Amino acid sequence: MKATETHLAGCFVLEPTIFGDERGYFFESYTKEKFKELTGLEIEFIQDNEAFSNRGVLRGLHYQKGVDAQAKLVRVIKGKVLDVAVDLRPNSPTYGKHFSIILSEANKKQLFVPRGFAHGYAVLEDNTIFAYKCDNGYKPSSEAGILYSDPHLNIDWMLSKDEIILSEKDKKLPLLT
């Protein structure tokens, strides 16, 4: 496995070593010790989540506040998404900046999103299965978000405005400022 830190400190792209032959392939998607060795971070994931969506679905930008903040390790099992992390750490030199990456069934890349970040993704293919690990449980009272189309963030979601499908809750999220 290879880990590359993005321009947002603490946010890493992970690329597995894939072993393939005529039968198919095998890779380790996560090993606690290898993750620590490559990133210098000791994270204890306590929950795995999975979501199914079709092209055009945009989920985010979500985060949890305070002691309920979550770090996430995200990947795509089937299909393709544009995955986005936004730095919300008040004292960070990259506060309000974002990083985006294509995660897909084909490239098998993962993104580690640390606590203090908002996260979201746009589904770019039908029948996409998105999976992620969290280091903290979900608490509805700590839930927050930022509107996906915030002009300050200026994120190119790789979908036309007419294609984007949002939940009612995500349509009402505030701007970063």
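We did not get these values from a lab; they are worked out from the coordinates using the rules stated. The shown structure was predicted, so the numbers you read here are calculated from the model rather than taken from an experiment. Cβ atoms come from the backbone with ideal geometry, glycine included; neighbour counts cover every protein chain shown.
The length gained by stretching the chain between residue 177 and residue 21 to full extension, at 0.36 nm per residue less their Cα-Cα distance, is 51.1 nm.
Among the listed pairs 32/161; 36/169; 109/169; 32/169; 108/139; 36/172, which have their C-alpha atoms separated by more than 31 angstrom in this model? Correct reply: 32/161; 36/169; 32/169; 36/172. Over all alpha-carbon pairs in region 61-131, figure out the percentage whose distance exceeds 17 Å. Value for region 61-131: 42 percent of Cα pairs lie more than 17 Å apart.
Relative to its residue count, region 43-171 spans a Cα convex hull of 107 Å³ per residue. Calculated on the Cα set of region 1-94, radius of gyration then Dmax: 15.4, 50 Å.
With each label modelled as a point 7 angstrom along the Cα→C-beta vector, the residue 44-residue 141 pair spans 2.3 nm. Between 54, 154, 91, the Gaussian network model of the chain with springs among Cα atoms under 10 angstrom shows the greatest mean-square fluctuation at 91.
The aspartates and glutamates within cross-link reach of residue 72, meaning a Cα-to-Cα straight distance under 16 Å and a gap of 8 or more places when in the same chain, are 5, 15, 42, 44, 48, 50, 83, 87, 135, 143.
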